[in-house]
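In what follows, a structure is listed as C-alpha cells, so that the remarks can point back to it.
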Amino acid sequence: MTYITEGGQKFTRHKIASPVGNIAGTCQVCHRESEEILRNNVYDRQRKVKEIRELAEIELVKAHVEAKAACDAGALAQEMDPFLQHVRNAQWYWDYAAASHGSAFRFPVEVSRIMADFRIIPFEETPKVPFNFDGRILFKSDKFEVVHLVLKPGEYLDPHIQPMDVVFFVMEGKGSLLIGKEVVEIPENTTIHVKSGILRAWPNTGKRPLRILVSKLFYITGSSGMMIQATI
Ligand code: HEC
C-alpha cells in the first residue's frame, strides 16, 4: 500500500492494487532505478516462473489422465494410493506457487524450486575428488557422475582401469590420452568415449592447465573395446 500526505499528515492510501501501477509511490520509495527497469524486473521474474509453471501444469494434467486410465484398466486401490498421493502433493505445490501471485516476484528461486524441483549447485560447494588432483565432483548419482578435473602442465593422471564407461570432454588445454597401448593427442573441444575395462592415463603435455569434464556412466559396465572420438 502506498502512502499519501494530506494537511501534513502521512497515511496509507488503503487502496490495494498492483504496485507496478504506481512505481513512483511504491518501488521508488526505496529504489533509485528507473520505472522501466523496476517494471521489467517484475515482469521478467514473473515470466520465468510462468514458463516453469506451464511445464509443471502439462505434467500435472498428464498425471491425472494417466491415473484415470489406470483406474479404468482395473488398478487396485492399494496400487493407486501411493501414486495418487504424489498427484495430490503435486497439486498442492502448484497451488502454493501459483495462487500466491506475488511469490513469483518475491521469491523467484523458491517458487522455481517448488515447481521444477531442480538444484543449483555452486562450484565452490561441490566436493573435492578423493585423490590428490584439482578435481570437483559436480554431480553424482547411482547411475552417473560428472567430475571437473584440472591437470597442471606436466601433471599426470596415472594409468588406471575403470569398471564403467567414461566420457571425457576436453574443455581447455591439450593432453595426450594413453589408451590401451596407444597414445592419442587430444585437442581442445573434443569428446572421447572410453569403454569400461580399458587402461587409460592422462598426461598434460601442454603448457596450459588441462581442464577436462569426466562423466562416468555407472550403468554401462562390462562392455569393452573401441574408443569413439568426436571433435565438436
Ligand atoms: C521498503 C523498501 C522497498 C520497496 C518499497 C521495494 N523494495 Fe525492492 N528491495 C528492497 C531491499 C531492501 C532489497 C534487498 C536489497 C539487497 O538484498 O541487496 C530489495 C531487492 C529488490 C530486488 C532484488 C535485487 C537483486 O539484485 O536481486 C528487486 C528486483 C527489487 N527489489 C525490485 C523492487 C520493485 C520492482 C519494487 C516495487 C514493486 C520494490 N523492489 C519495492 C527494498 C524495497
Run the simple label-point estimate for D72 and F11 please: 7 Å along Cα→C-beta, distance reported in nm.
6.1 nm
For labels at H31 and F133 in the simple 7 Å Cα→Cβ model, what's the distance in nm?
4.6 nm
Output row, site L213, 7 Å Cα→C-beta label point, backbone N cut-off 19 Å, window the range 132-165, residues 134-151, 165
Can you figure out the FRET efficiency of Q85 with E125, using R₀ = 22 Å and their beta-carbon distance, to the nearest 0.05?
0.10
Let me know the shape class of the range 1-100, please: from the alpha-carbon gyration tensor, a ≥ b ≥ c as square roots of the eigenvalues, rounded when a/c is under 1.5, otherwise prolate if a/b is greater than b/c, or oblate.
prolate
For the range 57-69, 3J(HN,Hα) per residue [Karplus equation, 6.51 cos²θ - 1.76 cosθ + 1.60, θ = phi - 60°, Hz, x = Gly/Pro]
5, 4, 5, 5, 5, 4, 4, 5, 5, 5, 4, 5, 4
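Once Rh is set to the Kirkwood radius over Cα pairs, what Stokes-Einstein translational diffusion coefficient, in µm²/s, holds for the range 121-190 at a temperature of 10 °C and a viscosity of 1.306 mPa s? Could you put the intermediate results ahead of the total?
On the way: Rh = 13.7 Å.
Reported coefficient: 116 µm²/s.
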Anyone know which of S34, S103, S215 comes out most mobile in the 10 Å Cα GNM of the chain?
S34
Using a 7 Å offset from the Cα along the Cα-to-Cβ direction at both K62 and Y3, what is the distance between the two label points in nm, to one decimal?
5.1 nm
Of E124, E36, E57, the most mobile residue in a GNM of the chain (C-alpha springs, cutoff 10 Å) is E36
Relative to the chain, whose Cα atoms define the longest principal axis, helix 77-99 and its Cα axis are tilted in degrees, nearest 10, by 60 degrees
Within the under-14-Å Cβ sphere about D134, not counting D134, Lys/Arg +1 and Asp/Glu -1 give a net charge of +2
Of 9-18, 81-90, 38-47, ordering from highest average Cβ density within 10 Å down gives 38-47, 81-90, 9-18
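Computed from the coordinates by the stated procedures, all read-outs in this text should not be read as laboratory data. Computed from a prediction, not measured in an experiment: that's the story for all the values here. Heads up, the Cβs are rebuilt from the backbone with ideal geometry, glycines too, and the neighbour counts pull from every protein chain shown.
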